[in-house]
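What follows is a set of notes on a single structure, which appears directly below.
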Amino acid sequence: RSDAKQSWAADISAKITPPVSAGGLVYVAAVDQHTIHALAEKDGKQQWTFTAGGRIDSPPTLHAGSVIFGCADGYVYSVDAGSGELAWKFSAAPEERMIMNDGQVESAWPVHGSVLIVNDTLYCLAGRSLFLDGGMHLSLLNPKTGELLSSRKHSDIDPATGKSMQLSN
């Protein structure tokens, strides 16, 4: 395979996400390489690659001609499904705080998992645990523009008592 577009997988030394497909293209993320790849469904030739700012641990969500995914850098990305060009990028993390995890730099509030889109509302969750770094941050976005519709912080603090749920009474 002398054609670099056919040998994209040879450069991937670690794991990839399960593929998703639409419109004759297959989309897959190379987790540790921070990349999303679009491959031709018929012959597997690489059509484009997009590099994000951190690990992408789950398959992207396909919506209205876009490839949308969460990233360990704390952002949600939307790229054009046909060209791989960035359409928008949203910071789901409450602030810029980077940490080391398994030899890679990432946000203290990574966006793990695929994003969910229901009735033209995108749901994403940033964070590691209710009990770490101030909790988890749920954001609802417009999937076409990345505009924030609403957000809410979830943590270990019981709203009724104002005390940590980790404490026993």
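The values are calculated or read from the model by the stated rules, or taken from the named source; none is laboratory data. These figures come from a predicted structure and were not determined experimentally. Using ideal geometry, Cβ is built from the backbone for each residue, glycine included, and neighbour counts are taken over all protein chains shown. Note: accessible area is taken over every heavy atom of the protein model, side chains too, but ligands, DNA and RNA are not part of it. Shrake-Rupley method; radii C 1.70, N 1.55, O 1.52, S 1.80 Å.
Quick notes
- If you filter segment 22-42 down to residues that are free of Cβ contacts under 8 Å to residues at least 24 places away in the same chain and open to solvent by 50 Å² or more (accessible area, probe 1.4 Å), you find that the one that is nearest to Ser107 (Cα to Cα) is Gln33.
- Residue within segment 151-159 that is open to solvent by less than 40 Å² (accessible area, probe 1.4 Å) and under 20 Å from Arg55 (Cβ atoms) present: no
- Residues that are in a strand (DSSP E or B), among the aliphatic types (A, V, I, L, M) and over 9 Å from the mean Cα position of the chain (by Cα) within segment 63-106 comprise Val67, Val79, Leu86, Ala87, Met98, Ile99, Met100, Val105, listed in sequence order.
- Unique residue being open to solvent by 20 Å² or more (accessible area, probe 1.4 Å), under 21 Å from Val28 (Cα atoms) and either modelled with pLDDT under 80 or of a type outside the set (Phe, Trp, Tyr) (or both) when the list is Leu122, Leu130, Leu148, Leu116: Leu116
- Residues within segment 38-62 that are over 19 Å from Ala126 (Cβ atoms), under 14 Å from the mean Cα position of the chain (by Cα) and not aliphatic (A, V, I, L, M), tallied: 2
- Residue match in segment 67-78 (condition: at pLDDT 95 or above, hydroxyl-bearing (Ser, Thr, Tyr), open to solvent by 20 Å² or more (accessible area, probe 1.4 Å) and farther than 14 Å from Gly113 by Cα): no
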